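**Student:** Take this structure, written in structure tokens, and hold onto it; I'll ask about it next.
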Amino acid sequence: MSNESSIESTLQELRSFPPRSSADLGMAAWHVGSMEQYRQMHRRSVEDPEGFWAEVASDLHWFQPWSRVLEWRPPDVEWFVGGRTNMCYNCVDRQVAGGHGGETAIAWEGEPMPGGKPELRRLTYAELKEQTSRLANALRSMGVKKGDVVTIYMGMVPELPVAMLACARIGAAHSVIFGGFSSQAIVDRVHDAQSQVIITCDGAWRRGKVVPLKENVDTACAELDGTPAEVRHVVTVKRCGNEVAWRPGRDVWFADVVAAASDSCPCEPMDAEDMLFLLYTSGSTGKPKGIIHTTGGYMVYTYLTSKLVFNLIPDTGQLYWCTADIGWITGHSYIVYGLLPNRVPTLMYEGAPNFPGEDRFWDIIERHRVTQFYTAPTAIRAFMKWGSQHPEAHDLSSLKVLGTVGEPINPEAWMWYHKAIGGERCPIVDTWWQTETGGQLITPLPGCTPTKPGSCTLPFFGADPAIVNDQGEEQEPNKGGLLVLRKPWPGMLRGVRGDRARFISTYFSRVHDPKTGEPYYFTGDGARRDADGYFWIMGRVDDVINVSGHRLGTMEVESALVSHAGVVEAAVVGMPHDIKGTGIAAFVTLEPSFKPYDKASTDKLKDDLARHVSRLIGAIARPDMIRFTDALPKTRSGKIMRRLLRSVAAGDSNISQDTTTLEDLSVLAKLQTDEEG
Ligand code: PRX
């Protein structure tokens, strides 16, 4: 960072936006309406977590009460020990039982606009109950049992939450794979989870085109055939009407099996610590980790964070919209599981933000009268680029609370969001959390926290984050360090599927309590805390890059590159990118016979490699810059010096970093003078 930009960011820190009265915003009330109340509640939540969380859990339905709230033997935690509950019951049946069966649970809008009109669907709690019961029975008839893993690879259609809830109903865990991932991602995850059933769609609409989901599933299944992870059943939702291959005996249509199944399927009482779902996420090695979330703690945590962070209040005309894909944790926690138990309708939109025009989101907000809107900084930067004329052309006055998640938001984008979307009226909740944390951990509360552009502000209830050095010692204000959590919270991960050692080494071995020696939960993020106690996330400290708010392991992209016949070695690092926040830069050394001889062949090979990565991982991993080099900068022990590559990728012209361990200085000189790719 240059001196100028650090001065600028210091100035920006001084901007602070006080909370507004609920009456001003037309909000019924704030759940937490003053900093005094926040402080008092936060103190209680960390000093008496058992009392605090027992009260929250009592809002929800339990088949059997817990005998102990918390059992913490780091790195293992149990919440609501001995309690039995069911997530689907609390999302759906509980609302029907409360007399709300006729209310909207999920509102949905498709991407295509036939004749200029959107395609709309609404599912009430009663309809959700019927649909999930039928699908649950159908899954049972395919042999799915409590504890089995069902893979879900779908577009953003209402059948996707139906599928998740149907699994939860019978105690099967789901593993949702983002529809933008390739067939190889399906192979790896199905194999790791030993999942015998896949629920998919014929296709998904994306910017007017059909993404061939069923075809990708077929390709994955072909690879798994004859292995112990052979897929037995594929259930397909007909969405786009594209032609699909069909294997009788394995393939069935979603509509057919649902119609044929009984609509009666009581929810399975699950132990609070039974697995609810697996969600794969990138780490610093090549293999994605299956993050395990369990039932009771995750349910209570997503329920409370949703309620307080978005100030959800049923029966007040709220309509909440989160623009994430359900294939990511944000969609799991803040489209489905946190929302439904709060009985505020959740809006799902199927497609792209710029289809058919760059004002699609603002059009949706205006037509549906959206009250809470949750999106990502990368999207906000794209909106900024497309221009304020788009939101200006729409009535956004229904909005009351705005949220962001996924990566640090630059103050400029924050200010644009505040003005162009929030009308300088709506509080912005910049929520820091991770796949592993299950729910938001550091975030403003809209009715009380003064916000500062670029800061995720203060800990949520039960969260005890700190900035420490490698010895676990807390850093003084504004000194950067490692972000850790010192206490367990109900939504935290319970493990990495099939890999206890990786669970411990990734999260619980880097930093320890200097007094007790007990491990802290290590987030992988670097951050600082300012003099007001506000957290400022600085980014990942490991070999993980955050592209458009989604984590990718650099190793994953490197392995994909090296699997190309022309590549000998590859190093992948993040580089600044206007829209994505971080883009992917790849430095590649080639087999001599593949070396390009002119600009055209260079471009062609770069394009081939980019497509190759897209095909193996998904478009999200496509490198933004590829540079061919004769050698990569390495230490004497042979380790690639990524920080040097990061500087080169960022276009730093005079790299002043310590190069004393660099094996061959001419490599660096060459990389710097090489033409930008
Ligand atoms: O680096 C942090 C960044 O995203 C990482 C978590 O990524 P993932 O598990 O894919 O989950 C994204 C959605 C929860 C974190 O380690 N991150 C997430 N939210 C923020 C953030 N960085 C800064 N500010 C945030 N609000």
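The values are calculated or read from the model by the stated rules, or taken from the named source; none is laboratory data. On a predicted model such as this, the values are computed, not experimentally measured, just so you know. All Cβ positions, even for glycine, are placed from backbone atoms using ideal geometry, and neighbour counts span all protein chains on display. Ligands, DNA and RNA are excluded from the accessible area calculation, which covers all protein heavy atoms including side chains. Shrake-Rupley method; radii C 1.70, N 1.55, O 1.52, S 1.80 Å.
**Student:** Scan the stretch 247-280 for residues that are of a type outside the set (D, E, K, R), farther than 28 Å from Ala97 by Cβ and loosely packed, with under 14 Cβ neighbours inside 10 Å and jot them down. Full working, then the answer.
**Tutor:** Start the filter on the stretch 247-280 by keeping residues that are of a type outside the set (D, E, K, R), which leaves 248-249, 252-255, 257-262, 264-267, 269-270, 272, 275-280.
Cutting the leftovers down to farther than 28 Å from Ala97 by Cβ gives us 248-249, 252-253, 278-280.
Answer for the stretch 247-280, where residues must be of a type outside the set (D, E, K, R), farther than 28 Å from Ala97 by Cβ and loosely packed, with under 14 Cβ neighbours inside 10 Å: Pro248, Gly249.
**Student:** Give all pairs with beta carbons closer than 9 Å in which a residue from the stretch 222-234 that is under 9 Å from Val190 (Cβ atoms) and in a helix (DSSP H, G or I) meets a residue that is modelled with pLDDT of 95 or more and not charged (D, E, K, R); count only pairs at least 6 apart in sequence or on separate chains.
**Tutor:** Leu224/Ile186; Leu224/Val187; Leu224/Val190; Leu224/His191; Leu224/Val231
**Student:** List the strands (runs of 3 or more DSSP E) that sit entirely inside the stretch 333-438 and contain at least 3 residues that are within 16 Å of the ligand (Cβ to nearest atom) and among the aliphatic types (A, V, I, L, M). First the steps, then the outcome.
**Tutor:** Working: elements: 346-349, 372-375, 401-405, 428-431.
So the answer is 401-405.
**Student:** Please work out which one of (1) under 21 Å from Tyr280 (Cβ atoms); (2) away from the ligand (no atom under 16 Å from the Cβ); (3) not hydroxyl-bearing (Ser, Thr, Tyr) is the condition Ile584 fails and give its number.
**Tutor:** (2)
**Student:** Further question: Filter the stretch 439-452 down to the residues that are in a loop (DSSP other than H, G, I, E, B) and more than 10 Å from the ligand (Cβ to nearest atom), then identify the one that is farthest from Ser306 (Cα to Cα). It would help to see each step written out before you state the result.
**Tutor:** First, pick out the residues of the stretch 439-452 that are in a loop (DSSP other than H, G, I, E, B): 439-441, 443-450, 452.
From the residues that got through so far, the ones that are more than 10 Å from the ligand (Cβ to nearest atom) too are 444-450, 452.
Working: Pro444: 12, Leu445: 11, Pro446: 12, Gly447: 14, Cys448: 16, Thr449: 16, Pro450: 19, Lys452: 21 Å.
Looking at residues that are in a loop (DSSP other than H, G, I, E, B) and more than 10 Å from the ligand (Cβ to nearest atom), I get Lys452.
**Student:** Would you mind finding the one in Glu556, Glu518, Glu569 that is surrounded by 20 or more Cβ atoms within 10 Å (Cβ to Cβ) and acidic (Asp, Glu)?
**Tutor:** Details: Glu518 fails: surrounded by 20 or more Cβ atoms within 10 Å (Cβ to Cβ); Glu569 fails: surrounded by 20 or more Cβ atoms within 10 Å (Cβ to Cβ).
Just one listed residue meets the conditions, Glu556.
**Student:** Now, a different point. For the stretch 421-431, which residues satisfy the criterion of being open to solvent by 30 Å² or more (accessible area, probe 1.4 Å) and either charged (D, E, K, R) or farther than 16 Å from Arg20 by Cβ (or both)?
**Tutor:** Glu424, Arg425
**Student:** If I go through the stretch 574-586 residue by residue, how many of them are at negative phi and either among the basic types (Lys, Arg) or buried (at least 24 other Cβ atoms within 10 Å of the Cβ) (or both)?
**Tutor:** Within the stretch 574-586, the first condition is being at negative phi, and the residues that meet it are 574-580, 582-586.
Still in the list and also either among the basic types (Lys, Arg) or buried (at least 24 other Cβ atoms within 10 Å of the Cβ) (or both): 574, 580, 584-586.
Qualifying residue count for the region: 5.
Residue-by-condition table, conditions (1) of a type outside the set (Asp, Glu); (2) farther than 21 Å from Ala379 by Cβ; (3) part of a strand (DSSP E or B); (4) out of contact with any helix residue (DSSP H, G or I) (no Cβ under 8 Å at 6 or more places or on another chain):
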| position | (1), (2), (3), (4) |
| --- | --- |
| Arg510 | yes, yes, no, yes |
| Thr516 | yes, yes, no, yes |
| Asp532 | no, yes, no, yes |
| Met538 | yes, yes, yes, yes |
| Asp542 | no, yes, no, yes |
| Ala560 | yes, yes, no, no |
| Ala571 | yes, yes, yes, no |
| Pro576 | yes, no, yes, yes |
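**Student:** Also, I was wondering about something else. Report yes if some residue within the stretch 134-145 is touching a Ser or Thr at 6+ places or on another chain (Cβ under 6 Å) and either surrounded by 24 or more Cβ atoms within 10 Å (Cβ to Cβ) or under 20 Å from Ile335 (Cα atoms) (or both); otherwise report no. Spell out how you get there, then give the answer.
**Tutor:** We begin by selecting, within the stretch 134-145, every residue touching a Ser or Thr at 6+ places or on another chain (Cβ under 6 Å); these are 137.
With either surrounded by 24 or more Cβ atoms within 10 Å (Cβ to Cβ) or under 20 Å from Ile335 (Cα atoms) (or both) added as a condition, the list becomes none.
No, because not a single residue in the stretch 134-145 is touching a Ser or Thr at 6+ places or on another chain (Cβ under 6 Å) and either surrounded by 24 or more Cβ atoms within 10 Å (Cβ to Cβ) or under 20 Å from Ile335 (Cα atoms) (or both).
**Student:** Has the stretch 600-607 got any residue that is surrounded by fewer than 14 Cβ atoms within 10 Å (Cβ to Cβ) and polar (S, T, N, Q)? Steps first, please.
**Tutor:** Filtering the stretch 600-607 down to residues surrounded by fewer than 14 Cβ atoms within 10 Å (Cβ to Cβ) leaves 600-601, 603-604, 607.
Right, trim to polar (S, T, N, Q) and you get 601.
Yes - at least one qualifying residue is present in the stretch 600-607.
**Student:** With over 22 Å from Phe181 (Cα atoms) and within 16 Å of the ligand (Cβ to nearest atom) as the only criterion, which of Tyr534, Tyr597 stands out? Spell out the reasoning first.
**Tutor:** Values: Tyr597 fails: within 16 Å of the ligand (Cβ to nearest atom).
Result: Tyr534 is the single residue among Tyr534, Tyr597 that is over 22 Å from Phe181 (Cα atoms) and within 16 Å of the ligand (Cβ to nearest atom).
**Student:** Of the residues Gly283, Gly296, Gly290, Gly317, which is over 22 Å from Gly406 (Cα atoms), open to solvent by less than 10 Å² (accessible area, probe 1.4 Å) and not hydrophobic (A, V, I, L, M, F, W, C)?
**Tutor:** Answer to the selection: Gly296.
**Student:** Any residue in the stretch 533-551 that is farther than 29 Å from Met575 by Cα and either in contact (Cβ under 8 Å) with a residue 12 or more places away in the chain or open to solvent by less than 30 Å² (accessible area, probe 1.4 Å) (or both)?
**Tutor:** Taking the stretch 533-551 as the starting set, the residues that turn out to be farther than 29 Å from Met575 by Cα are 533.
When the remaining residues are screened for being either in contact (Cβ under 8 Å) with a residue 12 or more places away in the chain or open to solvent by less than 30 Å² (accessible area, probe 1.4 Å) (or both), the result is 533.
Yes, there is a match, as at least one residue in the stretch 533-551 is farther than 29 Å from Met575 by Cα and either in contact (Cβ under 8 Å) with a residue 12 or more places away in the chain or open to solvent by less than 30 Å² (accessible area, probe 1.4 Å) (or both).
**Student:** Here's a follow-up. Condition test on Gln95, is it more than 28 Å from the chain's Cα centre (by Cα) and either free of Cβ contacts under 8 Å to residues at least 12 places away in the same chain or part of a helix (DSSP H, G or I) (or both)? Steps first, please.
**Tutor:** Numbers: more than 28 Å from the chain's Cα centre (by Cα): no; either free of Cβ contacts under 8 Å to residues at least 12 places away in the same chain or part of a helix (DSSP H, G or I) (or both): yes.
So Gln95 does not fit the description; no.
**Student:** Ok, one more. Check the stretch 375-390 and report whether any residue there is within 25 Å of Ser21 (Cβ to Cβ) and either touching a helix residue (DSSP H, G or I) at 6+ places or on another chain (Cβ under 7 Å) or modelled with pLDDT under 95 (or both).
**Tutor:** No, because not a single residue in the stretch 375-390 is within 25 Å of Ser21 (Cβ to Cβ) and either touching a helix residue (DSSP H, G or I) at 6+ places or on another chain (Cβ under 7 Å) or modelled with pLDDT under 95 (or both).
**Student:** Yes or no: Arg189 over 23 Å from His550 (Cα atoms) and open to solvent by 10 Å² or more (accessible area, probe 1.4 Å)?
**Tutor:** no
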